[in-house]
1. Keeping the other protein chains in place, figure out the carbon and sulfur percent of the accessible area of the chain, with a 1.4 Å probe.
2. Express in nm, to one decimal, how much length is gained between A56 and H126 on full extension, taking 0.36 nm for each residue of separation and deducting their alpha carbon distance.
3. Where Lys and Arg each count +1 and Asp and Glu each count -1, what net charge lies around S157 among other residues with Cβ under 9 Å from its Cβ?
4. Projecting each Cα onto the charge dipole of the chain (Lys/Arg +1, Asp/Glu -1 at the beta carbon, about the Cα centre), which of T39, L166, T210 comes out farthest on the positive side?
5. Could you provide, to the nearest whole Å², the per residue accessible area of region 29-140 with probe 1.4 Å?
6. To the nearest 10 degrees, how steep is helix 29-38 against the longest Cα principal axis of the chain, on a 0 to 90 scale?
7. What fraction of the Cα pairs in the chain, stated in percent, has a spacing above 22 angstrom?
8. Positive end of the charge dipole of region 29-140 (Lys, Arg +1 and Asp, Glu -1 on Cβ, about the Cα centre): tell me which of A124, Q108, I59 has its Cα farthest that way.
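The values are calculated or read from the model by the stated rules, or taken from the named source; none is laboratory data. The shown structure was predicted, so the numbers you read here are calculated from the model rather than taken from an experiment. Neighbour counts are summed over all protein chains in view; Cβ atoms, including those assigned to glycine, are modelled from backbone coordinates with ideal geometry. Accessible surface is based on the protein model in full, side chains and every heavy atom, while ligands, DNA and RNA are left aside. Shrake-Rupley method; radii C 1.70, N 1.55, O 1.52, S 1.80 Å.
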Amino acid sequence: MPGENGWLAVFRTLQEAFGPQEWWPAQSPFEVMVGAILTQNTAWRNVEKAIANLRAADILSVAAILTLPEGDLAELLRPSGFYRIKTGRLLALCRFLTARGVDAAPEQLARQAAVPALRRDLLAVHGVGEETADSILLYALDLPVMVVDAYTRRIGSRLGLLEDHLSYIEVQAAIEAELEPGDVAVRNALHALLVSLGKDYCRPRPRCNTCPLNMRCAYAAGQQCRPRQPEQP
Ligand code: SF4
C-alpha cells in the first residue's frame, strides 16, 4: 500500500526528523514568483542577494519592475547568475501578470482559472518551465500542485519509488497519486523536506548512515548501510 511505504511515509518520516520548513522564504506572493524565476540554475543564496537588491531599490512590484530601464534591472539581478536571461524572463512574467490584470495583486491569478489552465498559461510565458510554473502555482498561488526537481528525482530513484527516465509529468503524477487531491500543506512541506534531504543527506555522494530514510531506502539497503546513527559533532 503506497501510504505505508511510499511518499506519504517519506513525508511523515522527514517531517518528524526535520520539523516545519515554512516555505517559501518570501514576503509576498510576487516575491515568490520572482524567486521562482531567479532560482533557475543557481543556488538560493544568489537569489537572496538579487532579491535584496530589488528590495533595496524598492521595486519588488510588477509595475515598478516594468518601469525600470532593462539594463538597470539586469544589474540588480546580476548576483543570481545568467542575469540577462533572467531579466528577460522576469519582464515576460511581469507583462503576463499585467495582461491578466493582476499586476497589483498577482495572487489574484489563482481565482482566474482552474489549475490546468493556469499551468498551461504560465508555461506559455517566456522562460517559465514546469518546475517554475509549479513552484508559482504551489508557493505563490497556494494551489495543490506537487513541485518536482532534481532532488525529487534522485531521492525517489534511490528510495525505489521512481523509475529512472520518467518525464516530469510522470514523476509528478506518481507522487500526486498518493496525496489527497486538495492538500496544499502536504505538497508545500513535502517538496521543502525533499530539498532539505537532498542538500544535507541525499547528495551525489549520499550520507546514508545518518539519513532519516535509511531504513526504508533501496539504495541504502544495497549499500548495506548501518542503521541511522547520530551525526558526529
Ligand atoms: S538512505 Fe541514502 S540514498 Fe537513501 S534517501 Fe537517504 S541519503 Fe539518499
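1. Working: 5930 of 11730 Å².
The nonpolar share, carbon plus sulfur, comes to 51 percent.
2. Working: separation 70, 0.36 × 70 = 25.20 nm, distance 2.64 nm.
Result: 22.6 nm gained on full extension.
3. Details: positive: R153, R154, R158; negative: E163, D164.
After counting each charged neighbour, the total is +1.
4. The residue sitting most towards the positive pole is T210.
5. 44
6. In the chain, helix 29-38 runs at an angle near 80 degrees to the longest axis.
7. Values: 14724 of 27028 pairs.
Beyond 22 Å sits 54 percent of the P(r) for the chain.
8. Of A124, Q108, I59, it is A124.
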